[in-house]
Structures are given as structure tokens and as C-alpha cells.
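The values are calculated or read from the model by the stated rules, or taken from the named source; none is laboratory data. Given the structure is predicted, the values throughout are model-derived calculations rather than measurements. So basically every Cβ, Gly included, is an ideal-geometry build from the backbone, and we count neighbours across all protein chains shown.
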Amino acid sequence: MRVLGIDPGLATIGLGVVDSASPSDIRAVEWLVLRTKPGRPLADRLREIHADFSEYLAECKPDLAVIERQFFAKNETTAMDVSHARGCLLLALAQHDIPHLEPTPLQLKSAVTGDGKASKAQIQDMMALMLRLETKPTPDDAADALALAVYGALRANDPATALVLP
């Protein structure tokens, strides 16, 4: 099973891909970021996100996607912009008929590190360990996306979660 993790953002979108045959056999395929240029009109940036992400989906062909559910308490403007970008990402997933999961940051961190308050560095360390990588995955957005993909692979391969995928 190929799982795509997505860390949504307006300026930077983290993407991480894993292939998984079982919970003990999860292999990193790639991790990267899509970027939009600041200063451009919001609508242009959203169109770019949708087009670039749709193209990536056609190339990557994931069986499942995992996109982080957003939780913001501080900056309302940033939350709205990320929500717009997240909507474009969800639209592209729907257009490609790719099922998805939406864990909260707490659910993700708890599942991959055992600590719901884990730091970005702890997530990077755990991804390097779990996926047997020679170096920590960077940047942070891509490392978080890789963790989301691992979360999806663990959930999809766990009969106790009874995931029903179309």
C-alpha cells in the first residue's frame, strides 16, 4: 500500500510517501515540499497549490492519503489561509478518488512517538529510526508529512482500527 502524508500550508506544503506491506515493513519512498511565493494574490497561490498537487497525485498514485487536521489558537489570519490551502488539497484528493484520514496533531504525535506533545525534533528522530534513514528527514514540513504517511500505514495495516477503504 502506498500512503501519502500531507502537512498543509499556504507557503509550504509538506509531502511524504511510504510504501507498506505490514506495520513492520514500512519504507520511505520520498519526502519533499511544494512552495508558493509570498506576495502573490491568495487566489493565484491556491490555484498553483491545486494544480501542482493534482499533478503530484497523478505521478505518485497513493492508495491512501493522510492530511493533518488543523488546530490553531493564535493567528487567525494564518489559520484561514492554511484552511483555504487545505481545502484545495482535499478537493484534489476527492477528484482523484483517494481516501484520506485526518488525524489531529495530538493523535499523530501520540501514534508515532508515544508523546502527544512531541517536538519537531522528536518526530524527525522517530522517522529516521522507524524508517531506517541515514539522516533525519528535513525540512520540518516534509518530516511531519512523512510522519503522517507512517500514521496512515500503521492505521491501514491494523485490523483493530477496521479501516474501510473504498
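Take the stretch 14-28 and flag every residue that is surrounded by fewer than 17 Cβ atoms within 10 Å (Cβ to Cβ) and under 16 Å from the mean Cα position of the chain (by Cα). Those that are surrounded by fewer than 17 Cβ atoms within 10 Å (Cβ to Cβ) and under 16 Å from the mean Cα position of the chain (by Cα): Asp19, Arg27.
May I ask you to verify whether Val33 is in contact with a Ser or Thr (Cβ under 6 Å, 6 or more places away or on another chain), surrounded by 14 or more Cβ atoms within 10 Å (Cβ to Cβ) and among the aliphatic types (A, V, I, L, M)? Answer is yes for this residue. Filtering the stretch 10-31 to residues that are of a type in the set (Ser, Thr, Tyr) and either over 24 Å from Ile49 (Cα atoms) or modelled with pLDDT under 95 (or both) leaves Ser20, Ser22, Ser24. Kindly provide the set of residues from the stretch 21-45 that are within 23 Å of Arg69 (Cα to Cα) and of a type in the set (S, T, N, Q), ordered by number. Passing the criteria: only Thr36.
Considered as a group, the residues in the stretch 122-157 that are closer than 17 Å to Ile98 by Cα and of a type in the set (A, V, I, L, M) include one that is modelled with the lowest pLDDT, and that residue is Ala156. Across the stretch 109-122, not a single residue is classified as touching a His at 6+ places or on another chain (Cβ under 9 Å), within 17 Å of Val17 (Cβ to Cβ) and of a type in the set (A, V, I, L, M, F, W, C). Scan the stretch 11-28 for residues that are under 30 Å from Ala79 (Cα atoms) and either in contact with a Cys (Cβ under 9 Å, 6 or more places away or on another chain) or without any contact (Cβ under 8 Å) to a residue 24 or more places away in the chain (or both) and the total you get is 2. Restricting to the stretch 99-134, and then to whatever is hydroxyl-bearing (Ser, Thr, Tyr) and out of contact with any helix residue (DSSP H, G or I) (no Cβ under 7 Å at 6 or more places or on another chain), can you tell me which residue is farthest from Ala11 (Cα to Cα)? Step by step, filter the stretch 99-134, then rank; the result is Ser110.
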